[in-house]
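What follows draws every value from the coordinates through simple rules; no lab data is involved. Remember, predicted model here, so these are calculated numbers, not experimental data. Don't worry about glycine lacking a Cβ; one is built from the backbone with ideal geometry, like all the others, and counts go over all protein chains shown.
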Amino acid sequence: MRRLALPLIATCLFAGLPAIATAATAPADAIKYRQAVMDGMAAHVNAVLLLVTGKVDHPDQVKGHADALAALAENAKTVFPADSGGADTRALPLIWEDRTQFDEIMVKLTKSTGQLRDAVAANDKAASMAAFKAVGESCKACHDRYRKPKD
Ligand code: ASC
């Protein structure tokens, strides 16, 4: 009985943790998480670029990156909560002042990454290239307007 009880209590405690953590995300952690999501997207974009330009010969690996990009783009929509600006981030206040226009670019990002995922799955090279170009354009549109340039 005793042997079972402890692991059971531990499991229940840990199972409850994510809910507790989500309820009170510290702004600093929201920024860290956003940076993790964005770094993930950049890594997958760079990987796709190496693959579709033929610099790296693993054509079967494009799909994994395209799937990940589409999933991360959905997450990206959620990682700009209202209190996650400030001095410790390059995310500019204009994001929250101009949320409608910002969200329009986010929709372009999710649309283009979804098209890339589907075109790669269908093995449609032309559509994949067109979608990949659109992905890059949405990244750039957002960064040009809403990300502080590097010092
Ligand atoms: C990346 C990356 C960006 C975008 C952008 C696309 O890989 O880090 O910020 O793509 O360069 O225009």
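Tabulated values for the structure
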{"read-out": "Space enclosed by the convex hull of the alpha-carbon atoms of the range 100-151, per residue, Å³", "value": "64"}
{"read-out": "Peptide ranges 41-53, 94-106, 61-73 listed from the most packed, as the mean C-beta count within 10 angstrom indicates", "value": "61-73, 41-53, 94-106"}
{"read-out": "Radius 12 Å from Cβ of Cys142, net charge of other residues (Lys, Arg +1; Asp, Glu -1)", "value": "+1"}
{"read-out": "Proximal lysines relative to Lys108, as straight alpha-carbon distance under 22 Å, when same-chain residues fewer than 8 apart are discounted", "value": "Lys63, Lys77, Lys125, Lys133, Lys140, Lys148"}
{"read-out": "Other-chain or far-sequence residues with amide H under 5 Å of Ala91's (modelled H)", "value": "Lys148"}
{"read-out": "In sequence order, calculated HN-Hα J values of the range 26-40 (Karplus, 6.51, -1.76, 1.60; Hz; x Gly/Pro)", "value": "5, x, 4, 6, 4, 5, 4, 5, 4, 5, 5, 5, 5, 4, x"}
{"read-out": "Counted charge near Thr25, where neighbours are those whose Cβ lies closer than 13 Å (Asp, Glu -1; Lys, Arg +1)", "value": "0"}
{"read-out": "Mean separation of Cα contacts under 8 Å, 6 or more apart, over the residue count of the range 77-146: relative contact order %", "value": "33"}
{"read-out": "Length released on extending from Leu92 to Ala122, taking residue separation times 0.36 nm less the Cα-Cα span", "value": "7.0 nm"}
{"read-out": "Cα convex hull volume per residue for the range 31-151 (Å³)", "value": "99"}
{"read-out": "Neighbourhood net charge (12 Å Cβ-Cβ; Lys/Arg +1, Asp/Glu -1) for Thr110", "value": "+1"}
